[in-house]
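To start, the structure itself, in structure tokens.
The values are calculated or read from the model by the stated rules, or taken from the named source; none is laboratory data. Please read these numbers as outputs of a predicted model, since none were measured by experiment. Every residue, glycine as well, gets a Cβ built from its backbone with ideal geometry; the counts of neighbours run over all protein chains shown.
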Amino acid sequence: MKKINLSLLTLLTAGSLTFAQTEKPNIVVIYVDDLGYGDLSCYGATQVQTPNIDKLAEGGVVFTDGHCSAATCTPSRFSLLTGSFAFRKNAAILPGDAPMLITPDMPTLPGMLKQHGYTTSVIGKWHLGLGDGNVDWNGKITPGPLEIGFDYSYLIPATGDRVPCVLVENHHVVGLDPEDPIEVSYKKKVGTDPTGYEDYDILRYGADHEHAKTIVNGVSRIGYMSGGNAARWRDETVPHQMLQKARVFMDENKDHPFFMYFAFHDIHVPRLPDHRFEGATKMGPRGDAIVQMDWITGQLMKHLEKLNIAENTLIIFSSDNGPVLDDGYADHAVERIGKHKPGGPYRGGKYSAYEAGTRVPTITYWPAVIKPGKSDALVNHIDLYGSIAALVGHDLKDNEAPDSQDYLKTFLGQSSEGREIMLEESFTYSLRMGNYKYIHPSQSKAKRWINSIKGIESGIVEFPELYDLSKDKGEKRNIATENKKLVKQMQAELNHILEGEKSR
């Protein structure tokens, strides 16, 4: 192992980023849900401690200007796995019965890595659609992750607050009793299960109108389901089931390169951490879910170490979008927030065009190669595809990863070069050009929903907004009026991206 690591370092120092088959690192993407820039102690949080992620930060590169591609989950996950902006597929937050968003003919990150000898897996929250729009939950569920480059999958099909509340392993629901078939509808009630509308007195906590349908595990969800009782999950145990599946996958593939996309459901609603984490913080279930997520991250790292493969494993830790407190359930996240600032010094959050919508904790860790440090480079998850392609010596084809660029040296802490121009997607478009942030005017009707219902400043504006983040992190002073030439330039850059077939 030491010989291989020295060889890797020699290759990197010499500027070569192509690896021999035996020297390819394992690659693990740990993708948290709804984790904000300020939600980790290594990013300044004091009301919650995250020692396991702090350990990654101490040994890796901590990015202060790292971004997911969009302020909501489905678009960010789509971009991560395809290297394509979500607008190219009209990707938005998907309902629980949506067809597969990534089709089998599309190039994907796991598919590319399979071409280079990797075994690939996705474990966790999916939310990219399954099947062709008419899923048979009682039979073979296809197409799914196995049709787009993954060798193994163990999934929450959509989100924890959407039915069906079952886990899907490869093509089938786990633990399904054929005598108790599943029926799902997002249009009308099916079966006789209690709902949040009718039986709110049995709920573990209250929910808004959207989340008031079929009750599973004491929590009402989006959509109706009946049947599948033996297969229904307990929210408290799902993270630990995911962890166990990840351990098994690593055990089975420790002797050759693997790619694992470990997609947390934490800290997305409903937040129901395991009893051992209840009361871990003073912030209620949201804070406790952060502690649970940190513990499981630590367990993943310990298992890599146990297998003696941690040294040659590249870990990429980040979040699919910024933070949200009240996202449909009365779990006291707002009331118990205290002095904690989920978005750190940045304005907005999940759903928002402001910085906290996409600026998220981003850490890369690879003991054999990465030297600890901080980076102010502007980086985006959409560039992981192109950067990992460079790592394994893959030449991108014309139709592959149309918006993903190669910033491998930056992700490995060997360069300070970041993006000069970066698109941020939300319910409108934003553009970063260096430290300048432009927000494009929009007629989106989501403004009231985000501002009033979610308690987040949407960034949906009638007139252009421009901020200099080097002087104004909180985006408080709109300088568009006195910088009309720059606004016009950034509008033109935005249009160039939106109108082109690719930006790479």
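A few points about this structure:
- For region 176-201, a residue qualifies if it is farther than 13 Å from residue 163 by Cα and in contact (Cβ under 8 Å) with a residue 40 or more places away in the chain, and the qualifying residues are 176, 177, 178, 180, 181.
- Qualifying residues in region 113-136 (those that are assigned to a loop (DSSP other than H, G, I, E, B) and among the small types (Gly, Ala, Ser)) - the one surrounded by the fewest Cβ atoms within 10 Å (Cβ to Cβ): 133
- Residues (part of a loop (DSSP other than H, G, I, E, B), in contact (Cβ under 8 Å) with a residue 60 or more places away in the chain and closer than 23 Å to residue 406 by Cα) located in region 64-112: 64, 65, 68, 69, 71, 83, 84, 85, 107
- Residue 310 passes every criterion in (1) within 19 Å of residue 207 (Cα to Cα); (2) without any contact (Cβ under 8 Å) to a residue 60 or more places away in the chain apart from (1).
- Against the conditions (1) surrounded by fewer than 16 Cβ atoms within 10 Å (Cβ to Cβ); (2) on the phi > 0 side of the Ramachandran plot, residue 170 satisfies every one except (1).
- Residues (aliphatic (A, V, I, L, M), within 21 Å of the chain's Cα centre (by Cα) and surrounded by fewer than 24 Cβ atoms within 10 Å (Cβ to Cβ)) located in region 304-315: 314
- Of the candidates 332, 265, 303, 340, the single residue that is part of a loop (DSSP other than H, G, I, E, B) and out of contact with any Pro (no Cβ under 9 Å at 6 or more places or on another chain) is 340.
- Filter pass, residue 157 being surrounded by fewer than 19 Cβ atoms within 10 Å (Cβ to Cβ) and touching a residue at least 40 places away in the same chain (Cβ under 8 Å): no
- Checked against (1) assigned to a loop (DSSP other than H, G, I, E, B); (2) closer than 23 Å to residue 416 by Cβ, residue 38 passes all but condition (2).
- Criterion: surrounded by fewer than 23 Cβ atoms within 10 Å (Cβ to Cβ) and in contact with a strand residue (DSSP E or B) (Cβ under 9 Å, 6 or more places away or on another chain) - qualifying residue of 105, 97: 97
Let's see how each residue does on (1) in contact with a strand residue (DSSP E or B) (Cβ under 8 Å, 6 or more places away or on another chain); (2) modelled with pLDDT of 95 or more; (3) crowded, with 19+ Cβ neighbours inside 10 Å:
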position: 378; (1), (2), (3): yes, yes, yes
position: 384; (1), (2), (3): yes, yes, yes
position: 397; (1), (2), (3): no, yes, no
position: 400; (1), (2), (3): no, yes, yes
position: 409; (1), (2), (3): no, yes, no
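- So residue 42, is it at pLDDT 95 or above and farther than 30 Å from residue 165 by Cα: yes
- The residues of region 296-328 that are small (Gly, Ala, Ser) and more than 25 Å from residue 354 (Cβ to Cβ), listed by number, are 298, 310.
- Qualifying residue in region 158-178 (condition: touching a Cys at 6+ places or on another chain (Cβ under 9 Å) and under 30 Å from residue 113 (Cβ atoms)): yes
- Checking each residue in region 347-359 for being in contact with a helix residue (DSSP H, G or I) (Cβ under 9 Å, 6 or more places away or on another chain) and crowded, with 24+ Cβ neighbours inside 10 Å picks out 348, 349, 350, 351, 352, 358.
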